[in-house]
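Each remark here refers to the structure printed beneath this line.
The values are calculated or read from the model by the stated rules, or taken from the named source; none is laboratory data. Quantities reported herein were computed from a predicted structural model and do not represent experimental measurements. FYI the Cβ positions are ideal-geometry reconstructions off the backbone, even for glycines, and counts take in every protein chain you see.
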Amino acid sequence: MTGTDARRDIAAQDVRKAAAGDPALWSRDFALFFVARALARLGDTMLPVALAAGLLEHGYGAGAVGLAMASTAAAFAGLVVFGGVIADRFSTRRLMIGADLVRLGTQSVAAGLFFTGHVVLWQICAIGVANGMAGAVFQPGVASTVPRLAADIQGANGAIRIAESAAQLAGPAVAGVLVGLASPGGVFAAHAATYALSALCLLLLRLRPLPAAARGAGAGPRAFRADLVDGWREFRSRAWLWGVIAVWCLYMVAVWGPTVPLVATEVVQHHGPGAYGLVNSALGAGTVVGGLLALRLRPRRMLRAGAVSLFAFFGFPAAVGAGLGVPAMAAGAALAGAGMSFWGVMWATTVQTQVPAAVLNRIHAYDVAGSLAMMPVGQALAGPAAGALGADHVLLAAGGVSLAVAAILLAIPAVRDLVRADAPAPAPTPAPAP
């Protein structure tokens, strides 16, 4: 038996134990990480409501709200690759705690600005940049923390996806209540509190030590550049990895980027904000269902199964583009959410189990950067495309491209045929009888 075969057998045994209720998943430490991720997502989904309500209340327009949100996204996307190198060189737990404490401080300052009424746009944007930088340091460590907490990595990713989806459903509602009862400053204070609680959960974690080969490299600018180049080399060496990211760039430009703003515009204009809230809630509920399915289903070829689930996204933009009723749009959104969530768990588990621990943070950073890089392009092109072709035609085209993306993923052998790392090795063929 080879080392790879032995690793697969051990991992498969861990998965079977976890499925039978073994504490390989729901340990004390995984529960702490689970709560930390749910709290962080809850706070993050409260933030857009707080920014919109607070800036509009102080005389700023929609452009200012977009600029404040973009400041965080730009800093995160521009620095997350470097955050991956840092995470591979230092303690990821300490980096994540530090990032949470930074955001606790910045959101506390923001709360103070809104409570006192001294709101200046450049200050809010500067806070956004600081938050994006902290997020760029925090996010790469998430990928390498999950395998150190649970033997059932797929189950862990599924559970975290469910928690994040539930928090995403609750966040805007909680923010709306806080704005009504207190002020936008109260939402920022609550957001700061979620980072404090997340940092506390992470502080209480007890992580398994990394193997010696997976610990940080040398110090200095030269070593930092070498780590960056080494991470890129590892990324390029895996056809399934860069193949998915390349296809995902098309997905972000032609599907997800235009779908989000155009669905919001079309549904609100033709059916009102209440209908959009219903459609958005259906999307969130679908992501919970997708996470539950990912807890139960254990496909041998995870990326193949995930790509098949992406076909379900077609109904979301297509139902809105075709002008169907609100129930049909909500059903399409629910199916889309389930497909995207199932794909997300399959993808995250594949990366975490197929990539060596020594470069996992860097690879995850390249993954995040590549996945997000094209989304602003798609969002920026959505308006001009809708003006030239009509929003309904753009949404129908987005639905068609979503089908093409799933088909392209299935057509790539390295993606379609990749066997999960924890799959048991095939039994040896018995020798023929003499």
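State whether the residues of the stretch 174-184 include one that is among the polar types (S, T, N, Q), in a helix (DSSP H, G or I) and surrounded by fewer than 24 Cβ atoms within 10 Å (Cβ to Cβ).
From the stretch 174-184, those among the polar types (S, T, N, Q) are 183; that's our starting set.
Still in the running and in a helix (DSSP H, G or I): none.
No: zero hits.
Just checking, does the stretch 334-355 include any residue being at pLDDT 90 or above and over 16 Å from the mean Cα position of the chain (by Cα)?
There is at least one residue in the stretch 334-355 that is at pLDDT 90 or above and over 16 Å from the mean Cα position of the chain (by Cα).
This table checks each residue for (1) buried (at least 21 other Cβ atoms within 10 Å of the Cβ); (2) acidic (Asp, Glu); (3) at pLDDT 90 or above.
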site	(1), (2), (3)
Val85	yes, no, no
Thr92	yes, no, no
Arg103	yes, no, yes
Thr106	yes, no, yes
Val120	no, no, no
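Looking at the structure I just gave you, is Val260 part of a helix (DSSP H, G or I), more than 22 Å from the chain's Cα centre (by Cα) and not assigned by TED's automatic domain parsing to the domain that holds Ala167?
no
Could you go through the stretch 29-36 and let me know if any residue there is surrounded by fewer than 19 Cβ atoms within 10 Å (Cβ to Cβ), in a helix (DSSP H, G or I) and modelled with pLDDT under 80.
Looking through the stretch 29-36, none of the residues is surrounded by fewer than 19 Cβ atoms within 10 Å (Cβ to Cβ), in a helix (DSSP H, G or I) and modelled with pLDDT under 80.
Would you point out which residue out of Gly323, Gly332 is surrounded by 20 or more Cβ atoms within 10 Å (Cβ to Cβ) and either of a type in the set (Gly, Ala, Ser) or closer than 21 Å to Ser165 by Cβ (or both)?
Gly332
Which condition breaks for Leu202 when tested against (1) touching a helix residue (DSSP H, G or I) at 6+ places or on another chain (Cβ under 6 Å); (2) at pLDDT below 85; (3) in a helix (DSSP H, G or I)?
(2)
Pairs please, first residue from the stretch 128-143 and part of a helix (DSSP H, G or I), second anywhere and polar (S, T, N, Q) and modelled with pLDDT under 90, Cβ atoms under 6 Å, 6+ apart in sequence or on different chains.
Sorted first by the residue in the stretch 128-143, then by its partner, the pairs are Gly128/Ser71; Gly128/Thr72; Val129/Ser71; Asn131/Thr72; Gly132/Thr72; Pro140/Asn361; Gly141/Thr92; Ala143/Gln352.
Looking at the structure I just gave you, is Ser71 of a type outside the set (D, E, K, R), surrounded by fewer than 19 Cβ atoms within 10 Å (Cβ to Cβ), assigned to a helix (DSSP H, G or I) and in contact with a helix residue (DSSP H, G or I) (Cβ under 6 Å, 6 or more places away or on another chain)?
When the stated conditions are applied, Ser71 does not pass them.
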